[in-house]
Amino acid sequence: MDPISYYLQTALNGVLAGCVYALFAMGLTLIYGVLNFVNFAHGELIMWGAYFLFLFMGEPFGLPLYAALPPALALTGCLGIAMDFSVFRHIRRANRLTLLIAAMGLSVFLRNAAQFFWGAEVRTYGLEVTAGMRILGLTLTTPQIAIIAVTILCVAAVYVLFFKSRLGKSMRALSDNLDLARISGIDTKRAILAAWVISAVLAGIGGILLALDTNLSPEMGVINLIKAFAATLIGGVGNLWGALLGGLLIGLAENLGVLFVSPSYKDGIAFVIMVIILLARPYVIIGERSD
Amino acid sequence: MDLLLHLAIVIAIYTIFALSLNVEIGYTGLFNFGHVAFFAIGAYTSALLTLSGIPFAVGLLAGLALAGLCGFLLSIPALKLQGDYFGIATLGFGEILRMVVNNEVWLTKGPMGLPGIPRPSLFGVVFDTLPGYLALSGGMALATFAVLSFVVLSPFGRALKAVRDDETAAEILGKNAFRFKIKSFVIGSVFAALAGVLWAHYTTFISPGDFTLTETILVLLIVVMGGKGTFLGPVVGAVVLIFFQESVRFLRLPPEWTRLLGPLQQMVFGLLLIVFMVFRPEGIIREKGGRRGD
């Protein structure tokens with residue numbers, strides 16, 4: 001392969017990875033915006049989303065991919081609601097360190113539950129590998145085309161939901177000021193519920209896309225949580241479009257970074273970027289909300 | 001008998017580990033989710049040095065020094081963050097360190113791990129029996145308890161609590177909160193490394209698999225369940241949880257069960273963290289004068 005197409009292919013892979021990270025980051029930043037805490041168990045929504053699809057595609061269901069998607073995403077959404085009902089709604093007013101440890105506990109519980117049922121080994125959906133299409137000298141496989149298409153669809157859906165619907169308006173109001181939203185008669189319970197469902201479904205979709213392109217393992221949640229977080233930091237915490245941009249940047253940086261460092265450190269690049277941002281703009285994420 | 005000695009040794013090591021995290025979480029309010037990294041730095045430094053024939057005392061001190069230095073270097077950017085952000089940054093550091101240990105095969109042998117770490121000898125005494133090792137680790141645990149109790153009882157410890165409870169007020173009173181946090185983080189890192197050194201020379205084999213998020217969670221649970229910000233909390237937590245964790249290993253179970261037992265045990269740990277946070281966030285032993293719910 002000539003050098004120029006090599007760089008272009010690397011950049012394309014970066015954009016593909018970035019699309020997935022953007023989906024993770026949008027969900028993470030949404031919960032942050034509405035409930036003002038980082039959901040440390042967000043990575044487990046990513047991982048369980050992928051495993052729910054694995055469940056419906058395997059025995060005893062044996063559904064084809066397209067039929068297995070709706071129930072898998074529905075279950076991921078339910079898992080998001082279950083997180084809120086079982087843990088977070090009881091400690092809504094607790095200090096953030098309590099929230100943090102509880103989320104950590106939830107993450108450990110869910111990660112090991114997946115390992116309990118499916119084992120620690122890396123798995124794939126067992127789909128046939130099809131030859132990639134060649135466009136302008138670049139190779140694109142079917143899952144990769146799906147990643148781009150689905151991300152565009154999701155971003156469009158999130159846009160419509162947030163800026164064109166009443167529900168989106170109430171979520172944005174909540175994100176600005178919870179108490180004010182409540183006394184102005186907004187159904188905060190419904191908006192919080194909706195935020196959990198959207199966050200979980202976005203995580204599930206991203207997890208499935210990632211697993212389609214690579215593989216799935218119970219450990220995939222932790223590392224992707226860090227990437228999602230780095231992406232939200234780049235974009236400004238609580239900012240949906242920032243999360244999209246941040247995700248793309250992290251994906252690009254990771255894939256282009258491999259040109260300079262060993263690929264075994266690819267997963268560390270997001271972390272390094274995160275630290276650099278924090279060093280350069282240390283107070284960017286402090287004092288954003290006044291409550 | 002051997003089982004009891006083994007339990008006591010592991011409890012002593014984890015007491016040190018938990019006490020070190022308690023300085024950060026309990027007294028300063030720093031949520032270090034990468035604490036295992038410093039345990040690993042201690043373990044690997046001392047193991048690598050002693051394996052190349054350098055005396056244990058040097059390996060021990062080098063492990064503590066390197067962990068302290070890494071703690072210092074990490075704390076400067078990380079401590080500019082609060083709460084959640086600090087947690088993510090330290091979590092990331094823990095994962096990166098494991099990546100380094102896994103990949104720098106020339107130094108750490110990567111996933112193969114380091115076998116044959118020598119038993120320690122100090123002043124001509126070799127601690128190569130279980131009772132001997134218990135004396136060493138138990139003595140170290142007592143010393144850690146004494147030193148850290150002294151530290152947190154001193155004006156320095158009161159300043160830490162002041163920073164934790166109200167940073168702004170502490171600043172107004174002329175305390176440089178940032179510096180206190182760095183010092184607290186470095187102290188925590190050094191003692192975590194001490195636990196790591198003792199661990200490496202006890203098991204005589206270490207590999208990257210020993211230093212995962214799982215270990216961080218265990219030590220976090222020990223501190224939180226026992227009662228963060230108290231003297232005895234981490235000790236009580238270590239006794240209860242290590243007893244639970246290690247005794248399960250010695251049950252004679254069919255092999256197909258043991259594969260499930262690990263995740264099941266971790267699920268219990270996760271659940272305990274949640275239950276304590278929802279129903280009794282202050283842990284078994286409550287901090288004197290601490291506000292309920294903290």
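The values are calculated or read from the model by the stated rules, or taken from the named source; none is laboratory data. Please read these numbers as outputs of a predicted model, since none were measured by experiment. Heads up, the Cβs are rebuilt from the backbone with ideal geometry, glycines too, and the neighbour counts pull from every protein chain shown. Areas reflect the complete protein model, heavy atoms only, side chains present, ligands, DNA and RNA absent. Shrake-Rupley method; radii C 1.70, N 1.55, O 1.52, S 1.80 Å.
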Summing -39500 (n - 2.57) over every DSSP H run of at least 4 in chain B, dividing by its residue total and rounding to the nearest 500, the 222 nm mean residue ellipticity is -24000 deg cm²/dmol
Accessible area per residue for region B:126-183 in Å², computed with a 1.4 Å probe and the full protein assembly in place, what is it?
55 Å²
Considering the options A:Trp196, A:Ile186, A:Phe162, tell which one lies farthest towards the positive end of the dipole of region A:106-246, charges being +1 on Lys and Arg and -1 on Asp and Glu at the Cβ, about the Cα centre.
A:Ile186
Just to verify a number: what accessible area does B:Met112 come out at with the full protein assembly present, 1.4 Å probe, Å² rounded to tens?
150 Å²
If you rank A:Phe37, B:Phe156, B:Phe250 by how much accessible surface each has, with a 1.4 Å probe, what is the order from largest down?
B:Phe250, B:Phe156, A:Phe37
Where does the Debye-calculated log10 I(q)/I(0) of chain A sit at q = 0.07, 0.10, 0.17 Å⁻¹, using only Cα point scatterers of equal weight, no solvent?
-0.26, -0.53, -1.49
Distance between region B:33-107 and region A:156-190 - C-alpha centres, whole angstrom:
44 Å
Surrounding net charge for A:Gly207, when Lys and Arg each add one and Asp and Glu each subtract one, Cβ distance under 15 Å:
0
Cross-link reach list, lysines versus B:Lys109, counting only Cα pairs under 27 Å and skipping chain neighbours closer than eight places:
A:Lys266
List, in the order given, every pair from A:Lys164/A:Lys227; A:Lys189/A:Lys227; A:Lys227/B:Lys183; A:Lys169/B:Lys80; B:Lys183/B:Lys228 whose Cα-Cα distance in the structure shown is over 23 Å.
A:Lys164/A:Lys227; A:Lys189/A:Lys227; A:Lys227/B:Lys183; A:Lys169/B:Lys80
So with the 1.4 Å probe, I'd like the accessible area per residue for region B:1-96, rounded to whole Å².
26 Å²
When the accessible area of chain A is split by element with a 1.4 Å probe, what percent falls to carbon and sulfur?
67 percent
With all protein chains present, region B:192-243 has a carbon and sulfur share of its accessible area (1.4 Å probe) in percent of 79 percent
At a probe radius of 1.4 Å, figure out the A/B buried accessible area, summed over both chains, and give it in Å² to the nearest 100.
4000 Å²
The aspartates and glutamates whose Cα lies under 18 Å from the Cα of B:Lys175, excluding any fewer than 8 residues away in the same chain, are B:Glu24, B:Asp165, B:Asp166, B:Glu167
Hey, what angle do you get for helix A:220-235 against the long axis of chain A, alpha-carbon based, 0 to 90 degrees rounded to 10?
70 degrees
Counting only protein heavy atoms and using a 1.4 Å probe, what share of the accessible area of region B:101-162 belongs to carbon plus sulfur, as a whole percent?
75 percent
Euclidean distance between Cα centres, region A:58-76 to region A:1-34, Å
26 Å
Point-charge dipole on Cβ atoms (K/R +1, D/E -1) for region B:143-214, about Cα centre, debye to 20:
220 debye
Compute the accessible area per residue over chain A, keeping the other protein chains in place, probe 1.4 Å, unit Å².
43 Å²
State, as an integer percentage, the relative contact order of region B:184-294 based on alpha-carbon contacts under 8 Å between residues 6 or more apart.
31 percent
How far, in degrees from 0 to 90, does helix A:142-164 lean away from the longest principal axis of the Cα atoms of chain A, to the nearest 10?
20 degrees
In terms of modelled amide H atoms, which long-range or inter-chain residues lie less than 5 Å from the amide H of B:Gly229?
B:Gly26, B:Tyr27
Among B:Pro77, B:Leu213, B:Pro118, the residue whose Cα sits farthest towards the positive end of the charge dipole of chain B, when +1 is placed on the Cβ of each Lys and Arg and -1 on the Cβ of each Asp and Glu, is B:Pro77
From most to least accessible, 1.4 Å probe, no ligand or DNA/RNA atoms counted, A:Leu79, B:Leu220 line up as A:Leu79, B:Leu220
Once every DSSP H run of n ≥ 4 in chain A is given -39500 (n - 2.57) and the sum is divided by its residues, what mean residue ellipticity at 222 nm do you get, rounded to the nearest 500 deg cm²/dmol?
-24500 deg cm²/dmol
Which one, B:Ala40, B:Phe231, B:Leu264, is farthest towards the positive end of the dipole of chain B when Lys and Arg carry +1 and Asp and Glu -1 on their Cβ?
B:Phe231
Averaging sequence separations of C-alpha pairs under 8 Å and six or more residues apart, then dividing by the length of chain B, give the relative contact order as a whole percent.
33 percent
Nearest 20 debye, what's the magnitude of the dipole of region B:158-294 about its Cα centre given +1 on Lys and Arg Cβ and -1 on Asp and Glu Cβ?
360 debye
Under-5 Å amide H pairs with B:Ile206, H placed in peptide plane, nonlocal only:
B:Leu114
Using a 1.4 Å probe, how large is the accessible area of B:Glu282, given in Å² and rounded to the nearest 10?
10 Å²
Can you give the charge dipole size of region B:80-160 about its Cα centre, rounded to the nearest 20 debye, using +1 on the beta carbon of Lys and Arg and -1 on the beta carbon of Asp and Glu?
120 debye
Cα-based helix-to-principal-axis angle, A:188-213 vs chain A, degrees rounded to 10:
10 degrees
From the square roots a ≥ b ≥ c of the eigenvalues of the alpha-carbon gyration tensor of the protein assembly as shown, which class results: rounded (a/c under 1.5), prolate (a/b over b/c), or oblate?
prolate
